[in-house]
């Protein structure tokens, strides 16, 4: 068995090598693994938009493939290896839970290049990338504090990982910059994509009296509930205005296209390197959807904040900031470094809920 | 007029053998129609689904990796279902097995050597048995419905896992991300071959043979079947009703628990919030697809595994969406179960009878 497998592997390797050298005009094969269905109109949908942007930009020079709804458990490694085995040169694994499987497969296929979204482990052939979505959250916080009459927002969280906790904190810091007494109620649904659960959580929050809603999950369901119940909300990952024409105030849009095109180009040029890219509004990885359903001055202020963050004049995590328990975290004028942001596992002062630990 | 299913007086032995093949044939036909409708060459699609995964050692090994936990859990469940104990909570027993087994690599990672792995497996089995003993206790002591209790315990187990990997068992070097430390080499399941295939496959095979032997060659097997079909008759024969509840829950819990720790130490290499794509629930389908017969379950597990692996292959080679592949999997299951039903039952058209009580009649 072992011997046969060894032979097969050698043969496959030989084939792979010869394909790489002799047939230079072969299209570059680029693969994607999505955690949800591409029809989620959120996270996976936006990654697929990025994939389509690659196809459009490079035409015949590339060939793209994707596998959708790959669960973050034992199936992930097989799905990734399947792409690596079938001649893909560059593979994007687009969810945090694919981190260790990506590293494992990357070790076995040193000639294939991997890009893992939102993780922290890198290798010579594994780069990581992510968006500074918290920048958008800060803007949402300011808008929410100006729009909400009750001063209470509902926040639907997926999993209490640093990425999500950072978003809640940034939102609250934005809101507190307008109204220091602003409150947030959080519900965790323990899923990235579960429209039913997300909608239930949204309804529960509305019943508890929140009048503005936002979410860190992937479907438009919470926003649709906001629309039905006549309150305001924000789109997540994607511009969701068509699902909630009266309720959406803006949306944090993930725009992976430019980054994906840049990375494919790098592989084509032979200049691809590992490392980490964490881009925000400045790198166009994060966009704000048009500010709608808002008074003019609020929209203008939001645009101003957006410009300040983009230019680097404003960092959402600038001291003085205390932790939830009142202990000091950042001194006056001190800006949180990326390491602290990436591993964030505490709430800032002013959030009443307890962080699930 | 309405349709009724009527039990056949006797069923054809020939059809019992032919029916799975018939079902596969029917799903190929129905599937082909669907593939044509979405503009995919049906021959290519069927090749990608059923043949391509069997053509390379890698995908054969992957097939074993995917099917082994299904078979192992389903064999345990078959003992439950045959004895009329409805353990729906194998997913929770799987999770508890993974948690108990992981006590060693997470908390006592210094305990290495050849004994570490067997100890983990025993702990895993104990974890699964412990979790299965709760519905068994509630059923024997209070007459609680085990379908409900075993199912609810799944969610509890998943939340315990979630709590552990986010809290006390979180990897100290993991930047606060929800996962345990990566297991040491001594805590990783023995591998078979160069790929991902590990010793879990052997456990599944041993379980199939052991349960087959028990069911067909021993008094215990007879007892299980009698207590499932006519518990009153069984009690006259001196079989204990409570005893069989405990026995079937503990054995299926142990198998699910072993599957859990084997999956975590063999395939994933650490505890994460999600450790199973629903193996414990899919195994229920596998158990019935295999007609609660261990040998049948082995083939059913492989067939279901093949349809997953093939579905993924079809996504890559033909650019199909996962919706299409899951519709095709659904068709396959539908035809297999429908064909099986028609071995035991026949369909008859009944004319409504104009009697006074007719309106209340139910079949």
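Values in this text are rule-based calculations from the coordinates and carry no lab data. Computed from a predicted structure; not experimentally measured. Reconstructed Cβ throughout: ideal geometry from the backbone, glycine too, with neighbour counts over all protein chains shown.
Mind jotting down a quarter of the surface of the convex hull over the alpha carbons of the range A:147-223, in square nanometres, one decimal? Before the final figure, lay out the partial values.
Values: hull surface 18.4 nm².
Reported value for the Cα convex hull: 4.6 nm².
Over all directions, how big on average is the projection of the convex hull of the alpha-carbon atoms in the range A:249-312, in square nanometres? Numbers along the way, then the final one.
Numbers: hull surface 19.9 nm².
Value for the range A:249-312: 5.0 nm².
Calculate the FRET efficiency for residue B:220 and residue B:55 from the Cβ-Cβ distance with a Förster distance of 41 Å, rounded to the nearest 0.05.
Details: r = 42 Å, r/R0 = 1.02.
Between residue B:220 and residue B:55 the formula returns 0.45.
Using only Cα atoms, locate the centre of the range A:58-122 and the centre of the range B:140-178, then give the distance between them in Å, rounded to an integer.
Going from one Cα centre to the other spans 29 Å.
Length gain on complete extension for the stretch residue B:184 to residue B:3, per 0.36 nm per residue less the alpha carbon to alpha carbon distance?
Length difference between fully extended and current span is 59.1 nm.
Per residue and in cubic angstrom, what volume does the convex hull of the Cα atoms of the range B:39-186 have? Can you show the working numbers first?
Details: hull volume 29.3 nm³, N = 148.
Measuring per residue, one finds 198 Å³ for the Cα hull of the range B:39-186.
Taking R0 as 41 Å, what's the FRET efficiency between residue A:331 and residue A:55 from their Cβ-Cβ distance, rounded to 0.05?
Working: r = 49 Å, r/R0 = 1.18.
Calculated transfer efficiency: 0.25.
With all distinct Cα pairs included, what does the Kirkwood hydrodynamic radius of the range A:49-184 come out to in Å, to one decimal, could you say?
Numbers: mean 1/r = 0.0578 Å⁻¹.
Radius from the Kirkwood sum: 17.3 Å.
Take residue A:203 and residue A:39, extend 7 Å from each Cα along the Cα→Cβ direction, and tell me the distance between the two endpoints in nm.
2.2 nm
What nm distance separates the two modelled labels at residue B:202 and residue B:111, each placed 7 Å from Cα along Cα→Cβ?
2.2 nm
Of B:18, B:226, B:75, which is the most mobile in a GNM of chain B whose springs link Cα atoms less than 10 angstrom apart?
B:18
What are the semi-axes of the equivalent ellipsoid of the range A:169-262, taken as the square roots of 5 times the eigenvalues of the Cα gyration tensor, listed largest first and rounded to whole Å? Walk me through the intermediate numbers first.
On the way: eigenvalues 96, 62, 36 Å².
Working from the Cα gyration tensor, I get semi-axes of 22, 18, 13 Å.
Whole number please: convex hull volume per residue, Cα atoms of the range B:68-306, in Å³.
Details: hull volume 29.0 nm³, N = 239.
So the per-residue hull volume is 121 Å³.
With viscosity set to 1.002 mPa s at 20 °C, what whole-number translational diffusion coefficient in µm²/s follows for the protein assembly as shown from Stokes-Einstein and a Kirkwood radius over Cα pairs?
The diffusion coefficient I find is 77 µm²/s.
Going by how many other beta carbons lie within 10 Å of each one, how would you line up B:345, A:120, fewest first?
Numbers: B:345 14, A:120 17.
Fewest-to-most Cβ neighbours within 10 Å comes out as B:345, A:120.
How many times 2.2 N^0.38 Å is the alpha carbon radius of gyration of the range B:12-125? Present the calculation step by step, with values, prior to reporting the outcome.
On the way: Rg = 21.0 Å, N = 114, 2.2 N^0.38 = 13.3 Å.
For the range B:12-125, the normalised Cα radius of gyration is 1.58.
Can you work out the FRET efficiency for the pair residue A:71 and residue A:28, with r the C-beta to C-beta distance and R0 = 41 Å, to the nearest 0.05?
Details: r = 28 Å, r/R0 = 0.68.
Between residue A:71 and residue A:28 the formula returns 0.90.
Please pull out the direction-averaged projected area of the range B:195-323, using the convex hull of its alpha-carbon atoms, in nm² to one decimal place. All intermediate terms of the calculation are to be shown ahead of the outcome.
Working: hull surface 40.2 nm².
Mean shadow area of the hull around the Cα atoms is 10.1 nm².
Quick one: grab the alpha carbon gyration tensor of the range B:130-224, order the square roots of its eigenvalues as a ≥ b ≥ c, and give me rounded if a/c is under 1.5, else prolate or oblate depending on whether a/b is larger than b/c. Walk me through the numbers before you get to the answer.
Working: a/c = 3.93, a/b = 1.26, b/c = 3.12.
Oblate.
State, as an integer percentage, the relative contact order of chain B based on alpha-carbon contacts under 8 Å between residues 6 or more apart. Kindly include the intermediate steps, with their values, before the conclusion.
Details: 598 pairs, mean separation 126.3, N = 363.
The normalised contact order for chain B reaches 35 percent.
Under 10 Å, Cα contacts only: if you run a Gaussian network model on chain B, which one of B:198, B:109, B:11 comes out with the highest mean-square fluctuation?
B:11
Once every DSSP H run of n ≥ 4 in the protein assembly as shown is given -39500 (n - 2.57) and the sum is divided by its residues, what mean residue ellipticity at 222 nm do you get, rounded to the nearest 500 deg cm²/dmol? The partial results should precede the final answer.
Working: 25 runs with 382 residues, N = 720.
That calculation yields -17500 deg cm²/dmol at 222 nm.
If a paramagnetic tag sat 7 Å from the Cα of residue B:147 along the Cα-Cβ line, which residues of the range B:275-292 would have the backbone N under 20 Å from that point?
The answer is B:280-292, whose backbone nitrogens lie closer than 20 Å to the label point.
Any chance you could get the radius of gyration and Dmax over the Cα atoms of chain A, in Å?
So, for chain A, Rg and Dmax equal 21.6, 72 Å respectively.
Going out from 0 in 5 Å bins, what whole percent of all Cα-Cα distances in the range A:262-357 drops into each bin?
The distribution over the range A:262-357 is 3, 9, 13, 15, 15, 18, 14, 7, 5, 2, 0, given as percents.
In which sequence would B:194, A:124 go, from the one with the fewest C-beta neighbours within 10 Å to the one with the most? Numbers along the way, then the final one.
Details: B:194 16, A:124 11.
In order of increasing Cβ crowding within 10 Å: A:124, B:194.
At 7 Å along Cα-to-Cβ for each site, give me the label-to-label distance between residue A:304 and residue B:350 in nm.
Here the answer is 7.7 nm between the modelled labels.
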